[in-house]
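Asks: I'd like to ask you about the structure that follows.
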2 protein chains.
Amino acid sequence: MPRPSTVPPPITSVLEAAGTWLSAGMAAVEHRLGEITVGHGPALAGDAGATLAAGGKRLRPLLVLLCAGPAGGDRAARAATAVELVHMATLVHDDVIDGAPLRRGRPTVAARSGRERAVATGDLLFSRAFAELGAGGGTRQVELLSSASVALALGELAQRRDAYDTGISLERYLERCGLKTARLFECACLLGRVDDGTPTEPQLAAFGRHIGLAFQLLDDVLDVTGPAERTGKARGTDLLDGTVTLPLILAREADPGLGELDLRELDAAGAASICDRIAATDALERVRALAGEHVAGAKRALTQAALSREERALLGLVADGVVERYA
Amino acid sequence: MPRPSTVPPPITSVLEAAGTWLSAGMAAVEHRLGEITVGHGPALAGDAGATLAAGGKRLRPLLVLLCAGPAGGDRAARAATAVELVHMATLVHDDVIDGAPLRRGRPTVAARSGRERAVATGDLLFSRAFAELGAGGGTRQVELLSSASVALALGELAQRRDAYDTGISLERYLERCGLKTARLFECACLLGRVDDGTPTEPQLAAFGRHIGLAFQLLDDVLDVTGPAERTGKARGTDLLDGTVTLPLILAREADPGLGELDLRELDAAGAASICDRIAATDALERVRALAGEHVAGAKRALTQAALSREERALLGLVADGVVERYA
């Protein structure tokens, strides 16, 4: 399966619009991530290096740097690196939990090197994240990142608890998205700006939360629509893991049989067929519309945040990019 | 299998010798650990609560509080809590990695609730550790704890790499002990004393390292000698996990056949029989002697550290206690 492009639209458009400071900052983050993955011996270099090279959108570090602005310097780059390391650690551990064979079209660490090594590799990336902050950040940064990490783990636990439950409520789903995705986006925005003693900016936090939710909603649409060439994983992968997301929750209204399926019995063909049933309802349209509302909410938050005109414009581009990626 | 006593000798003797400040501090840590495990919903309360209730020696928090001294207050208690949370997270993840059914005579989280939940539970405990430091500590504390956590993960990776290799060298084994055990003990000692801007105390670091190594060496002896009623796990559990430790490494000299075993084929009876072969050599005696040298090294370090007479005496009791526990 071909892997998806490594430089997706939201990043390129923002990089083009910003001054060279942003490209330089993102390059510094990438360099630092590379240093960390080669600096701990061959086992980590192979496993974490593969996770790193598989790319991903680097949206979270981008948000850190954008919110920090041109004067963010080394401190912002370290915080951006730390957020991406936490994200990478979570991916590695999620793949242990889900037993997923592919991530972004490449073998997962768990599939490549065994669950045992994947657990330790995730722990290492996680520890390194806090080491980055310890070296250059303040305790407020540590507080923000650790509480976002707590939320990630709680989100994972909630997902386990809800696994295979095709009857879960909209509220449960949204709570999980908040924990698993939105909190780290929010954290990324705040990390760029906090100094010890500075009050956090609620508008920037709201921006991050909205972007995170929109991102997750559209990701869940993509799991249903594919195509696999673009997502790097088979259609219905979430369903095969027992993860019930908003498309199915909304599709249940028009096709109640979807609420009575036994996902434990599912194979790939069955998952694809459920995806078709979901796509035959208005559910995907409604999820996209909800994502659009969150993007609008993010932009409203921007108008009220204490930002320069350039910062506001660039963050607005990120918000647009999240939608465009899925258009 | 009965669980081991929850208040082992090293702690009780030190608590009796110290002023009430130490008991109060340890009670504060225990209270805080309890709060954290009940504060994140029923899933964590069940899993992490079981890990917490299973006890353990709380040696690491004790070292933090002792090194901080009577004036350590809330800051020391938070650091002590953080160290124990990292230790607990590691235990939960180690049990995922080893597939261990029992820990301290009770079912592991992995056995109780599945590997999936155990991965997330470990992540949560780990995140909470840094949240503790973020709230009350300085960035230097974060640096110390995160680099010790990096070492723990590297130690786990090294143990995976060496798994089932009955020919591994003494040096490799000692390096692993350094990463997996000694670094967190060292960290515990330093955490009690550092303030941002304070230079770390090399003598206190050396004390922690020596104690950690002695502790690990004697733990590895106990895995061979049992009895299970005391250790809470079957004899030869390390061997069954493919973990080759110093007793076997030294016993190979007198009984070279031990270096040619295939541990992958091993069952419980086979593990017990290898333990008997190891015990028939002088290996256990030599490991105990090496542990004794590390305890002596720890005490030498104490004489050179900047400590009050009471602090030195109490830390000396901890050093003695590590040996006595295994006498």
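Asks: Can you name every residue in the range A:147-169 that is within 12 Å of another protein chain (Cβ to nearest Cβ) and among the charged types (D, E, K, R)?
Replies: Hits for the range A:147-169 are A:Glu156, A:Arg160, A:Arg161, A:Asp162.
Asks: Condition check: at pLDDT 95 or above, out of contact with any Cys (no Cβ under 8 Å at 6 or more places or on another chain) and not β-branched (Val, Ile, Thr). Does B:Ala268 satisfy that?
Replies: On the way: at pLDDT 95 or above: no; out of contact with any Cys (no Cβ under 8 Å at 6 or more places or on another chain): yes; not β-branched (Val, Ile, Thr): yes.
No.
Condition check ((1) within 11 Å of another protein chain (Cβ to nearest Cβ); (2) surrounded by fewer than 23 Cβ atoms within 10 Å (Cβ to Cβ); (3) farther than 22 Å from A:Glu84 by Cβ; (4) more than 13 Å from the chain's Cα centre (by Cα)) across all residues:
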position: A:Gln141; (1), (2), (3), (4): yes, no, no, yes
position: A:Leu145; (1), (2), (3), (4): yes, no, no, yes
position: A:Glu171; (1), (2), (3), (4): no, yes, yes, yes
position: A:Ala188; (1), (2), (3), (4): no, no, no, no
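Asks: Right, next: Give B:Leu204, B:Leu190, B:Leu145, B:Leu222 a once-over and let me know the one that is in contact (Cβ under 8 Å) with a residue 12 or more places away in the chain and closer than 28 Å to B:Ala251 by Cα.
Replies: On the way: B:Leu204 fails: closer than 28 Å to B:Ala251 by Cα; B:Leu190 fails: closer than 28 Å to B:Ala251 by Cα; B:Leu145 fails: closer than 28 Å to B:Ala251 by Cα.
Within the list B:Leu204, B:Leu190, B:Leu145, B:Leu222, the selection yields B:Leu222.
Asks: Follow-up question, since we're still on this one. Would you check if B:Arg286 is farther than 19 Å from B:Glu201 by Cβ and within 26 Å of the chain's Cα centre (by Cα)?
Replies: Details: farther than 19 Å from B:Glu201 by Cβ: yes; within 26 Å of the chain's Cα centre (by Cα): yes.
So B:Arg286 passes the test.
Asks: Now for a different question. For the range A:190-206, enumerate the residues that are surrounded by fewer than 19 Cβ atoms within 10 Å (Cβ to Cβ) and modelled with pLDDT under 90. Don't jump to the end; show me each part of the working.
Replies: As a first pass, look at the range A:190-206 and keep what is surrounded by fewer than 19 Cβ atoms within 10 Å (Cβ to Cβ): A:195-200, A:202-203.
Matches in the range A:190-206: A:Asp195, A:Asp196, A:Gly197, A:Thr198, A:Pro199, A:Thr200, A:Pro202.
Asks: Condition first: more than 22 Å from A:Arg288 (Cβ to Cβ) and touching a residue at least 12 places away in the same chain (Cβ under 8 Å). Now tell me which residues in the range A:235-256 satisfy that.
Replies: A:Leu240, A:Asp241, A:Gly242
Asks: Quick test for you: out of B:Ala28, B:Ala68, B:Ala45, pick the one residue that is of a type in the set (A, V, I, L, M, F, W, C), farther than 23 Å from B:Ala205 by Cβ and either out of contact with any helix residue (DSSP H, G or I) (no Cβ under 9 Å at 6 or more places or on another chain) or at pLDDT 90 or above (or both). Steps first, answer last, please.
Replies: Details: B:Ala68 fails: farther than 23 Å from B:Ala205 by Cβ; B:Ala45 fails: either out of contact with any helix residue (DSSP H, G or I) (no Cβ under 9 Å at 6 or more places or on another chain) or at pLDDT 90 or above (or both).
One residue alone meets the criteria, B:Ala28.
Asks: For the range B:74-98, how many residues meet the condition of being at pLDDT below 85 and of a type in the set (A, V, I, L, M)? If you could, list the steps in order and put the result at the bottom.
Replies: If we filter the range B:74-98 for residues that are at pLDDT below 85, which is where we start, we get B:94-98.
Those still in the list that are of a type in the set (A, V, I, L, M) too: B:96-97.
Count: 2.
Asks: So, one more: Can B:Glu229 be described as at pLDDT below 90 and part of a helix (DSSP H, G or I)?
Replies: Working: at pLDDT below 90: yes; part of a helix (DSSP H, G or I): yes.
Spelling it out, B:Glu229 is indeed at pLDDT below 90 and part of a helix (DSSP H, G or I).
Asks: Can you name every residue in the range A:119-136 that is of a type in the set (A, V, I, L, M) and under 19 Å from the mean Cα position of the chain (by Cα)?
Replies: Step one: filter the range A:119-136 for residues of a type in the set (A, V, I, L, M), giving A:119-120, A:124-125, A:129, A:131, A:133, A:135.
Answer for the range A:119-136, where residues must be of a type in the set (A, V, I, L, M) and under 19 Å from the mean Cα position of the chain (by Cα): A:Leu125, A:Ala129.
Asks: Still on this structure: If I go through the range B:99-135 residue by residue, how many of them are facing chain A (nearest Cβ under 8 Å) and at pLDDT below 75?
Replies: 2
Asks: Another question, then. Regarding B:Val119, is this residue in contact with a Pro (Cβ under 6 Å, 6 or more places away or on another chain) and either in contact (Cβ under 8 Å) with a residue 12 or more places away in the chain or surrounded by fewer than 24 Cβ atoms within 10 Å (Cβ to Cβ) (or both)?
Replies: Working: in contact with a Pro (Cβ under 6 Å, 6 or more places away or on another chain): no; either in contact (Cβ under 8 Å) with a residue 12 or more places away in the chain or surrounded by fewer than 24 Cβ atoms within 10 Å (Cβ to Cβ) (or both): yes.
In short, no.
Asks: Something else now. Restricting attention to the range B:52-97, report how many residues are acidic (Asp, Glu) and surrounded by fewer than 22 Cβ atoms within 10 Å (Cβ to Cβ).
Replies: First, pick out the residues of the range B:52-97 that are acidic (Asp, Glu): B:74, B:84, B:94-95.
From the residues that got through so far, the ones that are surrounded by fewer than 22 Cβ atoms within 10 Å (Cβ to Cβ) too are B:74.
Within the range B:52-97, residues that are acidic (Asp, Glu) and surrounded by fewer than 22 Cβ atoms within 10 Å (Cβ to Cβ) number 1.
Asks: I'm checking my understanding of the structure. Among residues of the range A:49-58 that are modelled with pLDDT of 70 or more and assigned to a helix (DSSP H, G or I), which one is farthest from the other protein chains (Cβ to nearest Cβ)?
Replies: Among those residues, the one meeting the criterion is A:Leu52.
Asks: Mind counting the residues in the range B:71-98 that are touching a helix residue (DSSP H, G or I) at 6+ places or on another chain (Cβ under 7 Å) and assigned to a loop (DSSP other than H, G, I, E, B)?
Replies: Counting residues in the range B:71-98 that are touching a helix residue (DSSP H, G or I) at 6+ places or on another chain (Cβ under 7 Å) and assigned to a loop (DSSP other than H, G, I, E, B) gives 1.
Asks: Related question: Return yes or no: is B:Ala234 surrounded by 17 or more Cβ atoms within 10 Å (Cβ to Cβ) and outside any helix (DSSP H, G or I)?
Replies: Values: surrounded by 17 or more Cβ atoms within 10 Å (Cβ to Cβ): yes; outside any helix (DSSP H, G or I): yes.
Yes: the conditions hold for B:Ala234.
The values are calculated or read from the model by the stated rules, or taken from the named source; none is laboratory data. Since the model is a prediction, treat every value here as computed from it, not as a measurement. Here Cβ is always computed from backbone atoms with ideal geometry, including for glycine, and neighbour counts include all displayed protein chains.
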